[in-house]
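Colleague: There's a structure below that I have some questions on.
The values are calculated or read from the model by the stated rules, or taken from the named source; none is laboratory data. No experiment lies behind these values; they were computed from the predicted model shown. Positions of Cβ are backbone-derived with ideal geometry, glycine not excepted, and every protein chain shown enters the neighbour counts. These accessible areas exclude ligands, DNA and RNA; they are computed on the full protein's heavy atoms, side chains included. Shrake-Rupley method; radii C 1.70, N 1.55, O 1.52, S 1.80 Å.
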Amino acid sequence: MDITGRVLECLATYGFTLNDKAVKRAIKFIGSQQEADGSWFGRWGVNYLYGTMCVLRGLDAIGFDNHEAMVQQAAEWIRMMQNPDGGWGEGCDSYDDPNKKGTGASTCSQTAWALLGLMAAGDFNSDSVAHGIAYLLGQQEANGSWFEVPYTGTDFRVCFI
């Protein structure tokens, strides 16, 4: 679903709207693939956090109403997956076991993805967003970067060996 979300972002950049046939088909497909809990599967980043963020960003870019149930259900799923430390994380094991979706030690990349998803759904001021930003600020290195050990989509060889 991450790719469909990214394609919607691209189409929006090139002037496509909700009235275009391809966009309507993409949104219908997205709706048909949403999990019962509100999340979407991802492929290029680990996994449901990434997929859900990409779909929400695509829907937002193309002008889909962020008050719609599918958007708000996805945002609520993201909020529910937040760790007590304020971040989000998900392991590669979620590819084999959907019961592990959205769960794992917090990482900076996955926290950023969760925040991007929430913001695409119109959530800029919730406690979840504030705690996620605080997590990222607390993890930032002196040089401005973030250190991350777990693989979250930058090297899939580790996930599937």
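Colleague: What residues have an amide H closer than 5 Å to that of W146, excluding those fewer than 5 places away on the same chain, when H is modeled at 1.01 Å from N in the peptide plane?
Modeller: E141
Colleague: Defining a contact as two alpha carbons under 8 Å apart and six or more residues distant in sequence, what relative contact order in percent does the chain show?
Modeller: Across the chain, relative contact order equals 22 percent.
Colleague: Rounded to the nearest 10 degrees, what's the angle between the helix 21-33 long axis and the longest principal axis of the chain, both from Cα atoms, 0 to 90?
Modeller: 50
Colleague: A further question on this structure: So which chymotrypsin sites (Phe, Trp or Tyr not before Pro) in segment 1-65 pass both tests, a DSSP loop state and at most 11 other Cβ atoms within 10 Å of the Cβ? All intermediate terms of the calculation are to be shown ahead of the outcome.
Modeller: Values: sites: Y14, F16, F29, W40, F41, W44, Y48, Y50, F64; in loops: Y14, F16, W40, F41, W44, F64.
Qualifying residues, ordered by number: Y14.
Colleague: Moving on. Considering only the other residues whose Cβ falls under 15 Å of the Cβ of M80, what net charge follows from Lys and Arg at +1 and Asp and Glu at -1? Let's see the in-between values first.
Modeller: Values: positive: R79, K100, K101; negative: E35, D37, E76, E90, D123, D127.
Every neighbour counted, the sum reads -3.
Colleague: Select from D93, D123, D20 the residue whose mean-square fluctuation is largest in a Gaussian network model of the chain (Cα-Cα springs shorter than 10 Å).
Modeller: Fluctuation is largest for D20.
Colleague: Under 5 Å between amide hydrogens, which residues at least 5 positions from V46 or on another chain qualify, with H placed 1.01 Å from N in the peptide plane?
Modeller: G153
Colleague: Of the accessible area of segment 1-118, with the probe set at 1.4 angstrom, what percent is carbon plus sulfur? Could you put the intermediate results ahead of the total?
Modeller: Details: 2920 of 5400 Å².
Roughly 54 percent of what the probe reaches on segment 1-118 is carbon or sulfur.
Colleague: Compute the helix-to-body angle for 2-13: its Cα long axis versus the longest principal axis of the chain, expressed 0 to 90° and rounded to tens.
Modeller: On a 0 to 90 degree scale, this one is about 60.
Colleague: Which of G138, G45, G122 ends up with the largest GNM mean-square fluctuation for the chain, with Cα atoms connected below 10 Å?
Modeller: Greatest mean-square fluctuation among the candidates belongs to G138.
Colleague: Right, next: Over all directions, what mean area does the Cα convex hull of segment 88-153 project, stated in square nanometres?
Modeller: On the way: hull surface 20.0 nm².
The directionally averaged projection comes out at 5.0 nm².
Colleague: Right, something else. How large is log10 of I(q)/I(0) for the chain at q = 0.08, 0.10 Å⁻¹ when the intensity is taken from the Debye formula with one equal scatterer per alpha-carbon?
Modeller: -0.22, -0.34
Colleague: Roughly what angle does helix 127-139 make with the longest principal axis of the chain, taking Cα atoms, 0 to 90 degrees, to the nearest 10?
Modeller: Once rounded, the angle reads 50 degrees.
Colleague: Whole angstrom only: what separates the Cα centroid of segment 108-152 from the Cα centroid of segment 1-28?
Modeller: A separation of 26 Å, based on Cα centres.
Colleague: Taking only protein heavy atoms and a 1.4 Å probe, what accessible area per residue, in Å², does the chain have with all protein chains in place? If you can, show how the numbers build up before the last one.
Modeller: Details: 8390 Å² over 161 residues.
Per-residue accessible area for the chain comes out at 52 Å².
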